[in-house]
Amino acid sequence: MQNGLEKVWIYLENGTYLEAKSFGAKGTSVGEIVFNTSLTGYQEIMSDPSYAGQFVTFTMPEIGNVGVNEQDMESNWAYAKGMIVRNYQDRYSNFRAEDSLQNFLQKYGVMGICEIDTRYLTKMLRSEGSMMMIASTEHSDINELKKILESSPRIEELNYIEQVSTKEVYKHSHSTYSKVEFKYDKPEKELANIVVVDFGVKRNILNEMVGAGIGVEVIPNDFSAKDLIQRYDDKSIDGVFLSNGPGDPLVLKKEQEQIKLLIDAKIPMFGICLGHQLLSISHGYDTYKLKFGHHGGNHPVKNVETGLVEITAQNHNYNVPDSITEIADVTHSNLFDGTIEGLKYKDEPIFSVQHHPESSPGPKESRYIFKEFLSLIR
């Protein structure tokens with residue numbers, strides 16, 4: 001519990017009105033509320049660009065106890081709208097910590113909400129589904145909050161990719177970060193080279209690529225398929241990776257058109273999360289929105305090819321349709337709800353997964369997938 005914190009008022013689109021305490025940025029913010037069941041990794045979650053436009057309710061009741069540090073950033077910013085926690089602990093204790101979570105949130109303009117019943121919120125979201133909400137340290141009147149929320153665009157109407165994608169091409173050279181030696185591993189010898197289309201890529205995806213022996217060049221989301229096809233024909237690149245990212249993939253019309261050209265050119269491709277969804281749409285199979293999505297580091301996924309069960313990290317509200325099995329083979333299946341978690345396209349050098357094999361935070365049971373990409377492009 002924290003004393004002396006300002007009040008913050010919350011209004012959800014189902015009419016729920018709540019009062020809590022604020023420990024992050026002040027002001028008024030509108031976004032979609034989801035819940036995350038991860039036990040660790042709150043900094044990675046807040047700095048994951050895929051959470052742009054969302055308030056994340058943590059089911060883990062104690063948050064803030066290990067502080068924050070530069071090595072655990074998944075991007076150069078914190079893109080989430082806010083975090084909602086039961087108890088915020090300002091007195092952190094970890095030898096890697098460089099600052100408090102409160103200072104981190106205030107630095108990046110992210111709201112922090114505490115002293116609220118997160119179990120109640122999670123049960124509500126499981127029952128009614130993800131929904132829009134408003135949080136404010138400025139406005140307490142329920143009618144005023146309702147008016148602001150109703151006049152604000154919904155998350156599926158917004159294109160957050162423009163905010164989170166890189167503006168300049170760059171080469172990524174960091175390998176994986178060792179949590180044993182607490183330093184970056186030495187990069188593997190480059191056995192192939194790829195272009196990463198950045199829709200909001202996580203740093204640890206890039207680290208895993210380098211760790212697998214893949215040279216990585218990151219480019220903005222407004223890429224030219226014609227240029228990439230030319231580079232593939234010239235043998236200056238061996239494949240293309242489509243990254244994770246925020247929001248509804250159906251709004252990304254320009255990106256879908258360019259991906260269709262890459263598919264027609266038979267360029268080897270690998271997609272994670274949003275990239276997985278865009279590959280489905282670009283093949284003519286539109287995604288749909290899940291009731292409350294998959295957010296956490298403890299989701300069981302069955303590898304259909306090996307029969308093994310992998311505990312995975314997840315962060316998505318949208319999913320590919322079952323009808324895509326007309327053109328692709330299912331490689332992974334979610335054991336919570338049976339949804340598709342991985343695909344290999346028939347007669348095409350393309351595969352994708354819905355979960356996050358880099359798993360930061362989370363278990364590393366799916367990181368072999370990056371080696372599979374290396375095998376594909378070689």
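Since every read-out is calculated from the coordinates, none of them should be taken as a lab result. Here the structure is a predicted model, which means the values were calculated and not measured. A quick note on method: Cβ atoms are made from the backbone with ideal geometry, for glycine too, and the neighbour counts reach across all protein chains shown.
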Selection within region 125-141 - more than 25 Å from Lys26 (Cα to Cα) and free of Cβ contacts under 8 Å to residues at least 12 places away in the same chain: Ser127
Boolean, Ile45 is assigned to a strand (DSSP E or B) and touching a residue at least 12 places away in the same chain (Cβ under 8 Å): no
Every residue from region 250-287 that is aromatic (Phe, Trp, Tyr) and under 17 Å from the mean Cα position of the chain (by Cα): Phe270
Segments classed as helices (runs of 4 or more DSSP H), wholly inside region 73-154, with at least 1 members that are of a type in the set (Phe, Trp, Tyr) and touching a helix residue (DSSP H, G or I) at 6+ places or on another chain (Cβ under 8 Å): 101-108
Unique residue being on the phi > 0 side of the Ramachandran plot and of a type in the set (D, E, K, R) when the list is Lys291, Lys266, Lys260: Lys266
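Each row is one residue, and each column tells you yes or no for (1) loosely packed, with under 15 Cβ neighbours inside 10 Å; (2) hydrophobic (A, V, I, L, M, F, W, C); (3) at positive phi.
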residue: Lys81; (1), (2), (3): no, no, no
residue: Asn94; (1), (2), (3): yes, no, no
residue: Leu101; (1), (2), (3): no, yes, no
residue: Gly109; (1), (2), (3): no, no, yes
residue: Leu145; (1), (2), (3): no, yes, no
residue: Glu162; (1), (2), (3): yes, no, no
Members of region 214-235 found to be touching a residue at least 12 places away in the same chain (Cβ under 8 Å), assigned to a loop (DSSP other than H, G, I, E, B) and out of contact with any strand residue (DSSP E or B) (no Cβ under 7 Å at 6 or more places or on another chain), listed by number: Pro220, Asp222, Ser224
Scope region 348-378; condition of a type in the set (Ser, Thr, Tyr) and closer than 21 Å to Gly41 by Cα; matching residues: Ser359, Ser360, Ser366
Subset of region 297-344 that is more than 20 Å from Ser243 (Cβ to Cβ) and of a type in the set (Gly, Ala, Ser) - its residue that is surrounded by the fewest Cβ atoms within 10 Å (Cβ to Cβ): Gly307
